[in-house]
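Remarks on the structure that follows.
Read-outs throughout are calculated quantities, based only on the coordinates presented, and are distinct from any laboratory measurement. Bear in mind that the values here come from a model prediction, so they are computed numbers and not experimental data. Counting neighbours? That spans all protein chains shown, and the Cβs are built from the backbone with ideal geometry, glycine included.
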Amino acid sequence: MEDYIYVSSDDDEWDNQQYNNDDDDDDDDDDGEFLDGFTEIEQERNGISEKGPSCKVIRKETLLAAQKEDLQRVMDLLSLKEHHARSLLIHYRWEVDKVFAVLVERGTEKLYAEAGVTLEGKDEHTSTLSTSEVTCQICFEDVSVEKTTSKQVTCMAQKCNVICDEGKIRDLVTAKDPALAEKFDRFLLESYIDDNKRVKWCPSVPHCGNAIRIEDDEYCCEVECACGVQFCFNCLSEAHSPCSCLMWKLWMKKCKNDGKTVTWISENAKHCPKCHNAVEKNGGCNLVRCRCGQPWLCGGATGLEHTWSSIRGHTCGSYKEGEEEKTMTVRNDLLRYTHYYERYMVHRDSLEAEANMKQKLNFEVLKLEAGELQSKDFSWVENGCNRLLQLRRILSCSYPVSFYVFGQALFKDEMTPKEREIKKNLFENLQQQLEINVERLSMFLEEPFADYPEDKLLETRMKIITLSVLTDNLCKELYDCIDNDLLLPLLQATHTIAHYRSEGVAKASELPN
């Protein structure tokens with residue numbers, strides 16, 4: 001990491017400041033527990049690591065069991081049959097707690113009526129499909145076949161919205177086309193995912209076939225599927241905290257449209273002051289006209305005719321008040337975006353390079369395990385690498401936050417210039433501190449520590465562990481600054497961010513069959 005200017009050239013001075021008590025801790029190191037990584041240091045910080053969202057992986061084999069779990073809760077509480085419980089849950093989007101809340105607040109009659117559920121004995125023609133009084137059997141079979149692409153079939157009686165018994169529908173459809181009956185069953189099963197806001201398909205490409213279920217109400221969170229893909233549960237984009245979903249969507253759109261060409265444009269083109277399109281002058285003549293009619297040299301209107309000596313109704317030598325300010329605004333907007341985009345990409349590129357560093361670190365650990373060292377626990381290497389990758393992603397995503405919060409696109413009138421300056425300085429100070437220590441952590445992980453003598457190896461280990469803890473604290477402060485100091489005073493409910501987790505993105509556990 002020699003290319004980065006943040007790391008002090010005098011590492012010994014930093015070492016002495018941070019590790020002058022190493023000799024006193026030698027006895028503690030020998031017990032083996034401290035060498036496993038960050039456990040004891042993190043405990044000393046009074047539980048800085050917060051419990052993240054509990055989530056489960058739902059595979060094709062466990063989808064039925066997951067659905068049965070919620071169905072059984074409703075069936076037990078209300079003494080319903082399975083198809084009635086399913087009708088209730090589909091209507092209330094598989095929110096079991098909402099079903100219970102409506103039951104308490106409005107009673108069973110309202111609960112069933114809103115969901116279109118009629119129990120046997122109360123409305124016999126709709127619940128059992130004895131439809132001779134309503135319509136003929138042939139017509140109902142035809143309608144049932146047509147509606148197997150939906151999850152529910154309503155009664156055909158006029159002004160009756162009661163949901164028909166899925167068992168009866170299945171029997172009618174099977175008699176006509178068994179393949180459609182299978183399709184109907186699949187729609188009923190997959191409704192648990194498609195209509196359930198606590199469950200979403202993994203956005204992996206190609207699709208892994210898994211879904212993720214959140215066990216609590218924290219929908220704005222980041223999760224990791226069993227296939228290894230990390231994503232935002234709220235918007236299904238890649239994990240992007242501390243950037244809100246709306247900011248990330250706008251940033252991705254802007255990067256897609258402008259990112260790859262922003263540097264080239266700033267070097268080779270001018271923005272038209274009228275239509276703001278970039279205009280390239282690829283020849284020697286300065287009488288270049290934008291397609292909207294503006295000249296390249298000064299931005300004045302040209303019309304459609306010009307000669308070598310003049311442009312009709314226009315002269316480049318005439319200065320117009322205000323034009324320079326207008327041009328500078330466009331230019332400053334471009335320079336501002338370029339600033340944040342370049343730093344965003346620097347950390348994205350570092351993240352990719354450091355992800356490939358994992359293989360090298362595994363080789364280093366194998367060399368250490370083969371040596372004759374007192375300790376055989378080198379999990380601090382893997383823990384440090386995982387922390388570094390997490391920090392890189394967070395740092396890269398912090399630059400879109402700066403771009404939008406302190407820009408004019410989203411919060412132009414939300415802060416006074418003085419407030420904006422104070423908050424910008426606070427945020428950038430935290431961002432810079434985190435950046436400096438991330439580069440230090442990267443530098444120490446890239447050292448050939450497997451070849452070090454044992455005393456120097458223990459010193460490097462302490463540096464990595466301490467930096468991991470320090471950056472963890474800085475990350476919490478950065479997230480707290482964004483959440484409470486920047487977004488909360490703006491009263492912007494659309495800009496919620498996923499909570500920071502010291503352990504990284506929450507990994508979904510397997511759901512039992």
Checklist entry - Taking the highest mean first, how do the peptides 368-378, 231-241, 95-105 order by number of other beta carbon atoms within 10 angstrom per residue? => result 231-241, 95-105, 368-378
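Show me 408-414, 354-360 ranked by packing, highest mean number of other Cβ atoms within 10 Å first. All intermediate terms of the calculation are to be shown ahead of the outcome.
Numbers: 408-414: 12.1, 354-360: 13.7.
Those peptides, ordered most packed to least, come out 354-360, 408-414.
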Next on the checklist: List the residues, sorted by chain then number, that are 5 or more residues from C290 or on another chain and whose placed amide H is less than 5 Å from its amide H.
Outcome noted: W296
Checklist entry - Of the cross-linked pairs K256/K476; K68/K197; K367/K456; K98/K197; K68/K507, which ones have a Cα-Cα span greater than 19 Å in the structure shown? => result K256/K476; K68/K507
Next on the checklist: Per-residue counts of other Cβ atoms within 10 Å, averaged by peptide: what ranking do you get for 496-504, 63-71, highest first?
Outcome noted: 496-504, 63-71
